[in-house]
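Colleague: Can you read through this structure? Questions will come right after.
None of the figures in this text is laboratory data; all of them are computed from the coordinates on show. What you see is a predicted model, and the numbers here were worked out from it, not measured in a lab. Positions of Cβ are generated from backbone atoms using ideal geometry, with glycine treated the same way; all protein chains shown enter the neighbour counts.
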Amino acid sequence: MKYLKRLFLLTLIGCFLATGLIIGLYYYYKPQLPSVDVLKDVHLQTPLQIYTSDGKLISQYGIKRRIPLKLSEIPQPLIDAVIATEDSRFYEHPGIDFIGVFRAAVNLIRTGERSQGASTLTMQLARGFFLSREKKFERKIKEIFIALAMEQVLSKDEILELYLNKYELGHRAFGVGAAAQVYYGKNVQELTLAQMATIAGLHQAPSLLNPISHPSRSMERRRIVLLRMLDEGYINKDQYMEAVAAPVTARLHGAEIEVNAPYVADLAYQEMVRRYGREEAETMGYKVYLTTPSDIQQAATDAVIQNLHDYDERHGYRGPIAQLWPADQPTPVDETQILDMLSATPAYSPLTPAAVLAVQEQSIDVVNKDGTRLRIDWDGLAWARQFISDIEQGPDPQTAADIAQVGQLIYIRQNQQQQWQISQIPDVTGAFVALDPLNGAIRALVGGYNFYHSEFNRATQAKRQVGSNIKPFVYSSALEHGFTPASIINDAPINQWDRASGLAWRPKNSPEEYDGPIRMRVALGKSKNVVSVRLLRAVGLDNVINHLANFGFNPKELPRDESLALGSASLTPLQVATGFSTFANGGFLVEPYLVERVENIDGDTIWQANPALACRECVLTNLLDTPTEPDTTQQTREELESSQSLEAPKAPRVISADNAFLMTDMMRTALKTNGKWGTNTYWQGTGWRAANLLHRDDVAGKTGTTNDARDTWFSGFTPNLVATSWVGFDDMSRMLGRTSANQYLINQNPQRYNWLGNAMVGGEDGARVAQPAWIRFMQQALLKEAEQEFFVPPNIVTVRIDRSTGKLTQRSDFTSRFEYFKAGTQPTQFVRDDEIEQTQQTEQSTLGDIF
């Protein structure tokens, strides 16, 4: 009893001393301890995510990949795996596991080393938020006090939810949600038990135990996790055996991108950085919803890529990327050597690198970087005649050996028929923009062939000469100064002597043909250069520049000479599309915008676009007065009220509704075809393929080609969609050149090639190079859009005119047509019979009601 009393007394004294020590330590470290109240509203760094208007992920930005999850969204087996492995008494202790502390203390006394920890999940979380990872006694004391405080502020479930979302689990994945995506490309709810155990085991040492970098270590760690789950009764023996035997299925997955639109994503990202700063934009978990529908954006991307390959293939094959091994030496027996060489070559969708393994008479065998062996038949090789220069190609190949040799590193791709063919990165590049003309919303944007090949966004950054795409704006200026679609202008050569330079300026038509007196409508449809110059002279250079400024073009950047009428001004595709939107929407200048709204991590909208609308109130109230004339849309009041706020601002009117309609109708002429004037000469607008292939009458547009075809354009629109296509070389010294026909391709695939008309042969221009992308895009974008008539303003009248003179006529035969005029500008004189007879002596028209 004596010894027991002493032992009891010593124990009691020890407890008092320990309590006093703890209290003393607490007050000593209290000034250094952080407030845990911040954890009530903690912010975990979460990347910026960018979505299409219909909610499909385009891209995400941020160093840390994190998918924050509520505890209820995390599968119970994954929770069990973490608790069993990291803190089996988590729901029983107050933040400190005294049994674990005792075990660590005994180990320290026995070995003199701090090799065993006693950290609970709460203590780990305290360290992760407030302390370093160094193993020091002082840090451990602070960790204990913070953990105790956390347990007073947060519930066990809140602590566990923070833990499962916070920690790095390797390969920049933070939290179990991101780890599921990075390692398995799945939502966390879709993981198997083996995969959950793998992720649960990563908390200890993610760099050493992750299944991608160290699969064997990962399997052993997974076994330990599963064994702990079995010991704790979370799984049975059968589940344990099945999960332990499961193979390692992890591989590195990127973000689950649903739509490939990196140029669009980059624009949105830059806008977010300007608005919020880089750190906030990349870490606050913002979700950005754009104005681009996924199907419309995909249609634009596909159209641009296919169009650039079509042009590139017309001009010949430039040869392999490299020779991996000499053609006269045996193919390496170890295929991994080939795959290693292929892995060093980047793949630019839709291109993938491949090595030529064998060459037959009219086919080749290749292996791609994934190790898949493929055979490319003659249909995938026949296009590849030799590229000599931009204006010259070699003869058509006869055998596969004329094209490829064993050991060559080449690019291959799947064509529109899903057949593999030999390919190459196009030298030529392009851009594409589509807008909603009613509010400026960007519906699609492509800045080049491939963002990862070139990040330069040609749609917004490349200012290129617009060629004949400028003519509708020059003609619009002429309409404001007394001209009409029936006005007669002399289509004759211009020869102007410049005394200062001692040279003569001689603008020419392309082709170099002149029709003499010609109506404005016909001149625009046939894109007559000299007529555009004469109109600029008649209106005055300053007046034309001032008028062009109404469309959003910077007058200081427009050339102050007559070359402006031929398109010497340099504009971006986005600027051009914005200008054409004014014609489509009835005369209003809209501001292009891309971001529709921004949501925070909780799904609350923190920013909403409020674009100025093209005369929304005019449509709603049907006002017909001159200052606010009706829009060209046919939307009902209900449709507009449901899609736009009644508080939305109005876009400024920059041209009259009459001017916009007359220009739109003249540009419809530019897309007409099947006309014949005279016995041998066929007349057709420069963009005739568009109307033919779209089989619609509600389209208008204009081609554009600069000198030597260095830049080619096509801009066109319907009442609800405007799009501009540009194709050219980044190296502005190169011209798009000429091409000769590959007869094999025409014979084998007439549907693909014949619709291009003369694009297979001769000089390249806007109709042959840029317009095909526009047509392909519109064929998809308008699939669900019913044909819709352009709105005719009330101040527009129609009269029957003589085709040759533009005067009134009473005849109703081929010499006449109905023409639109702004009321008060229609002709008042009738054509004389002798004028008609004189015309009939030289021309017989079967044109119909086109020009």
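Colleague: For region 352-369, what does the Karplus curve 6.51 cos²θ - 1.76 cosθ + 1.60, with θ = phi - 60°, yield as ³J(HN,Hα) per residue in whole Hz, taken in order and with x for Gly and Pro?
Modeller: Once θ is set to phi - 60°, the couplings for region 352-369 become 9, x, 8, 10, 7, 9, 8, 10, 9, 4, 9, 6, 9, 10, 9, 10, 8, 5 Hz.
Colleague: Net charge around Asn210, counting only other residues with Cβ within less than 10 Å of its Cβ (Lys, Arg = +1; Asp, Glu = -1)? Don't skip to the answer; put the middle values down first.
Modeller: Working: positive: Arg217, Arg221; negative: none.
Around Asn210, the charge tally is +2.
Colleague: In addition: Please list, ordered by chain and number, the residues whose modelled amide H lies under 5 Å from the amide H of Met284; skip anything fewer than 5 residues away on the same chain.
Modeller: HN-HN under 5 Å from Met284: Thr46.
Colleague: Show the residues, 5+ positions off or on another chain, whose built amide H is closer than 5 Å to the amide H of Ser363.
Modeller: Answer set, sorted by chain and number: Ala400.
Colleague: Further, regarding this structure: Relative contact order, percent, of region 391-543 when contacts are C-alpha pairs under 8 Å separated by at least 6 residues?
Modeller: Here the relative contact order equals 15 percent.
Colleague: For Lys807 and Asn187, compute 0.36 nm times the residue count separating them, minus their Cα-Cα distance, and round to one decimal in nm.
Modeller: Numbers: separation 620, 0.36 × 620 = 223.20 nm, distance 7.16 nm.
That pair, Lys807 and Asn187, stretches by 216.0 nm at full extension.
Colleague: Now a separate question. So what are the ³J(HN,Hα) numbers for region 804-819, from phi and the Karplus equation (6.51, -1.76, 1.60; θ = phi - 60°), rounded to whole Hz, Gly and Pro as x?
Modeller: My calculation for region 804-819 gives 7, 10, x, 8, 4, 8, 9, 7, 10, 9, 5, 7, 10, 7, 7, 10 Hz in order.
Colleague: Restricting to DSSP loop positions (anything but H, G, I, E, B) with no more than 10 other Cβ atoms inside 10 Å of their own Cβ, which GluC sites (Glu not before Pro) remain in region 447-524?
Modeller: Sites meeting the loop and neighbour criteria: Glu512.
Colleague: Can you give the three extents of the C-alpha atoms in region 427-498 along their principal axes, from longest to shortest, in whole Å?
Modeller: 50, 37, 18
Colleague: Once both labels are modelled 7 Å past Cα along the beta-carbon direction, what's the Ala648-Arg274 spacing in nm?
Modeller: A separation of 2.1 nm, rounded to one decimal place.
Colleague: Based on the Cβ-Cβ distance of Gln780 and Tyr452, what FRET efficiency does E = 1/(1 + (r/R0)^6) give at R0 = 22 Å, to the nearest 0.05? Each step should come with its number before you reach the end.
Modeller: Details: r = 24 Å, r/R0 = 1.09.
The value I calculate is 0.35.
Colleague: With the contact rule set at Cα under 8 Å and sequence spacing of 6 or more, what percent relative contact order holds for region 569-619?
Modeller: After rounding, I find 27 percent.
Colleague: Using amide H atoms built in the peptide plane, which far-off residues or other-chain residues are under 5 Å from Thr706 H to H?
Modeller: It is Asp711, by chain and number.
Colleague: Now for a different question. What is the spin-label model distance, in nm, from Ser155 to Ala245 if the labels are put 7 Å beyond Cα along the C-beta direction?
Modeller: 4.1 nm
Colleague: Apply the Karplus curve 6.51 cos²θ - 1.76 cosθ + 1.60, θ = phi - 60°, to the phi angles in region 205-218 and return the couplings in whole Hz, x for Gly and Pro.
Modeller: In residue order, the calculated couplings are 7, x, 6, 9, 10, 6, x, 8, 7, 9, x, 5, 5, 5 Hz.
Colleague: Taking the simple approach of a point 7 Å from Cα along Cα-to-Cβ for both Lys70 and Arg696, what is their distance in nm?
Modeller: Calculated label separation equals 4.3 nm.
Colleague: Ok, one more. Sorted by mean Cβ packing within 10 Å, highest first, what order do the peptides 460-468, 766-774 take?
Modeller: So the order, starting with the most tightly packed, is 766-774, 460-468.
Colleague: Evaluate the Kirkwood expression for the hydrodynamic radius of region 546-607, namely the inverse of the mean inverse distance over all pairs of different C-alpha atoms, and round to one decimal in Å.
Modeller: Details: mean 1/r = 0.0711 Å⁻¹.
Roughly 14.1 Å, rounded to one decimal.
Colleague: Also: At a Förster distance of 60 Å, what's the computed FRET efficiency of Asn554 paired with Glu361, Cβ-Cβ distance as r, to 0.05?
Modeller: About 0.50, to the nearest 0.05.
Colleague: Pairs Lys528/Lys784; Lys70/Lys142; Lys142/Lys287; Lys463/Lys650; Lys56/Lys784; Lys156/Lys237: which exceed 26 Å Cα-Cα?
Modeller: Flagged as over cut-off: Lys528/Lys784; Lys70/Lys142; Lys142/Lys287; Lys463/Lys650; Lys156/Lys237.
Colleague: Hey, another quick one. I'd like to compare 320-331, 391-402: which one has the highest average count of other Cβ atoms within 10 Å, and what's the full order after that?
Modeller: Going from most to least packed, we get 391-402, 320-331.
Colleague: May I ask you to list the residues of region 492-536 whose amide nitrogen lies under 16 Å from a point 7 Å from Cα along the Cα→beta-carbon direction of Val799?
Modeller: Answer for region 492-536: 520.
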